[in-house]
Amino acid sequence: MLIIDCPFCGPRDEREFEYCGPYRERRPDNMDNLSESDFIDYLLVPENPEGVGQEFWWHKRGCGEWLLVVRDTRTHQILSTVEADAE
Amino acid sequence: MEKYSLYSLVRNSFTQHRDWSPAWITHDLKKNYDVIIIGGGGHGLATAYYLAKIHGVANITVLERGWLGGGNVARNTVTIRSNYLRQESIPFFIKSVEMYEGLSKELNFNLMHSRRSMIDIIQTYPKLREIKRKMYVMDIFGATYKPISVSEIRRRIPTLAGGGNDSRLPIIAGMVHPEGAVNRHDAVAWGYARAASSLGVEIHQNTKVNSLLRNDDGTIRGVSTVKGDVLADRVAVAVSGHTTQLTDTVGLRLPLRSFNLSAFVSEPVKPMIDVVVNCPDLGVYLSQTAKGELVIGGAPDPGQSFRRGTNQLVFERTVGAMLELFPSFKKLKLLRQWGGTVDIAPDASPIISETEIPGLYITAGWWGGYKAIPAGGLTFANLIATNTPHQLTKSFTLDRFETLDYILEPGTTTRV
């Protein structure tokens, strides 16, 4: 079980969180300059690291914030937890 | 290949079973092959066997990182079934189930295949509607999926004491899939390895592939292993959860994510369940092995994972769900647990495809690939030998994602 150290609520167990997929950039603004294949690549091809990767977790049953968690997929050790960029 | 029979068993008993010939032959790793198959699991070995047997490709090697039968072919719940939703999937899995039924004889290896029906326990109305839809589609393509009453479920599964009218989720309906079966996972790996080896396929264990190699013109050149470079014009990747780790080395990007799927095994007890019980609303399924152990499968770990352990939360949820329906299992002790790394495509359907790199083929996205081993091997061998997809898997190619033509396949444990 993961213990995620929410920057707002402190360490809480995995049950309070919803996994929301690997990190990816925000959807590009100028879609006109983007080719169809690049956009499908953006939509479908995720990061799949064997090792340290970034992913989104939503503190669904807590403060409701989205967090960016850096986690090692081989050991499930969490290296850092910060608020996801809310631009 | 020494033929296994009652006669050979009796004959070898005279020498205290000391003179059995090895099931597969060990070779020295050569520099060149016609086809390199990465991954000596069920799919890799089956592909090698059908390539040699049907397509007459002789110079094949299977490179396995660990030992035969030590990967995901042993990290599953051996459930064989063909109750799928999509018209692309059903004929493929029907073929696979049929092939499994004749496989012990074909491979001359006792797979302990046991056809025993799968019963789905339905506890919510949305699931009932979904499962009825599945029934109608399956009926068109010739797989069997029949409704049965709650009292019939309880007659066939006497230990199913939970799910009564006063419970959180009362059982409202059931479905029986008579083709459902289980068999022995090691025997599938060993049987295919032995049959492939007798056809001249070289199997190299403890030969980890570190990266793929490309020629200057972009075509595949071979692989780089811990024992040096091995070259071939055709390289097939059949490595389950680690597919992207290999394809990343030649810059091929695939729509796959890897997850950990775990299962649990109880202590052996006397026979009490002779069907595969699936509870899609609770997210647990189980069967009893010939040895008497209960094999219990649950939901995947949230978050991508390459760890082979199990998550305590998944364990609690799976066991808790099982005890809701089978309260008497509370007394059982669990002996073993394991997790396997499986990769999943955005639509949860498999990928058997050539790639943008000429000569590189992949079979991936097998979320529950054990049941697909015979047909997966057959169709993948066809693709490698002829460079055209097999009739049964022509929809499972990578180019479906270019047009977003998903084959959405919601299952027991998929999160699609």
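The values are calculated or read from the model by the stated rules, or taken from the named source; none is laboratory data. As the structure is a prediction and not an experimental result, all values here were calculated from the model. Every residue, glycine as well, gets a Cβ built from its backbone with ideal geometry; the counts of neighbours run over all protein chains shown.
Scanning the range A:19-37 for residues that are closer than 30 Å to A:THR81 by Cα and either touching a His at 6+ places or on another chain (Cβ under 8 Å) or exposed (fewer than 13 other Cβ atoms within 10 Å of the Cβ) (or both) yields A:GLU25, A:ARG26, A:ARG27, A:PRO28, A:ASP29. The set of residues from the range B:99-143 being within 23 Å of the chain's Cα centre (by Cα) and part of a loop (DSSP other than H, G, I, E, B) comprises B:GLY102, B:ASN108, B:PHE109, B:ASN110, B:LEU111, B:MET112, B:HIS113, B:ARG116, B:SER117, B:GLY142, B:ALA143.
Residue-level analysis places B:LYS270 outside the set of residues that are at pLDDT below 95 and either part of a strand (DSSP E or B) or over 20 Å from B:PHE401 (Cα atoms) (or both).
Listed by first and then second residue, the pairs with beta-carbon distance under 6 Å, at least 6 apart or on different chains, first residue in the range A:41-63 and under 17 Å from B:LEU256 (Cα atoms), second assigned to a loop (DSSP other than H, G, I, E, B) and of a type in the set (A, V, I, L, M, F, W, C), are A:GLU50/B:PHE306. Exactly one residue out of B:ALA58, B:ALA74, B:ALA48 is of a type in the set (Gly, Ala, Ser) and assigned to a helix (DSSP H, G or I): that is B:ALA48. Is there a residue in the range B:227-242 that is away from chain A (no Cβ under 14 Å), crowded, with 20+ Cβ neighbours inside 10 Å, more than 24 Å from the chain's Cα centre (by Cα) and modelled with pLDDT of 95 or more? Looking through the range B:227-242, at least one residue is away from chain A (no Cβ under 14 Å), crowded, with 20+ Cβ neighbours inside 10 Å, more than 24 Å from the chain's Cα centre (by Cα) and modelled with pLDDT of 95 or more.
May I ask you to verify whether B:THR341 is touching a helix residue (DSSP H, G or I) at 6+ places or on another chain (Cβ under 9 Å) and among the hydroxyl-bearing types (Ser, Thr, Tyr)? Judged against the criteria, B:THR341 is a match. Here B:LEU160 fulfils each of the conditions (1) under 29 Å from B:LYS270 (Cβ atoms); (2) crowded, with 21+ Cβ neighbours inside 10 Å; (3) not assigned by TED's automatic domain parsing to the domain that holds B:SER328 apart from (3). Of everything in the range B:273-302 that is in a loop (DSSP other than H, G, I, E, B) and without any contact (Cβ under 8 Å) to a residue 24 or more places away in the chain, the residue that is farthest from the other protein chains (Cβ to nearest Cβ) is B:LYS291.
For the range A:69-81, the criterion of being more than 8 Å from chain B (Cβ to nearest Cβ), farther than 17 Å from A:PHE17 by Cα and hydroxyl-bearing (Ser, Thr, Tyr) is met by none of the residues.
Any residue that is of a type in the set (Gly, Ala, Ser), at negative phi, in a helix (DSSP H, G or I) and more than 14 Å from chain A (Cβ to nearest Cβ) - is there at least one of those in the range B:313-323? Yes, some residue in the range B:313-323 is of a type in the set (Gly, Ala, Ser), at negative phi, in a helix (DSSP H, G or I) and more than 14 Å from chain A (Cβ to nearest Cβ). Confirm whether B:ALA290 is under 30 Å from B:ARG317 (Cβ atoms), surrounded by fewer than 19 Cβ atoms within 10 Å (Cβ to Cβ), modelled with pLDDT under 95 and hydrophobic (A, V, I, L, M, F, W, C). Yes, satisfied. Selection within the range A:1-53: residues that are basic (Lys, Arg) and more than 8 Å from every other protein chain (Cβ to nearest Cβ). The member of this set that is farthest from B:ARG257 (Cα to Cα) is A:ARG12. Could we say that B:GLY369 is in the same structural domain as B:TYR49 (by TED's automatic domain parsing), closer than 22 Å to B:SER82 by Cβ and modelled with pLDDT under 95 here? Yes; evaluated as a whole, the condition is true for this residue. Only strands (runs of 3 or more DSSP E) whose full extent lies in the range A:20-84 are considered here, and the ones with at least 1 residues that are closer than 29 Å to B:ASP399 by Cα are A:52-58. The set of residues in the range B:329-354 being of a type in the set (Gly, Ala, Ser) and not in a loop (DSSP other than H, G, I, E, B) consists of B:GLY339, B:GLY340, B:SER353. Scanning the range B:342-358 for residues that are touching a residue at least 60 places away in the same chain (Cβ under 8 Å) and either within 14 Å of chain A (Cβ to nearest Cβ) or crowded, with 23+ Cβ neighbours inside 10 Å (or both) gives B:VAL342, B:ASP343, B:ILE344, B:ALA345, B:PRO346, B:ASP347, B:ALA348, B:SER349, B:ILE351, B:THR355, B:GLU356. Within the range B:243-258, the set of residues being facing chain A (nearest Cβ under 7 Å) and either of a type in the set (Val, Ile, Thr) or closer than 16 Å to B:VAL209 by Cα (or both) comprises B:THR244, B:GLN245.
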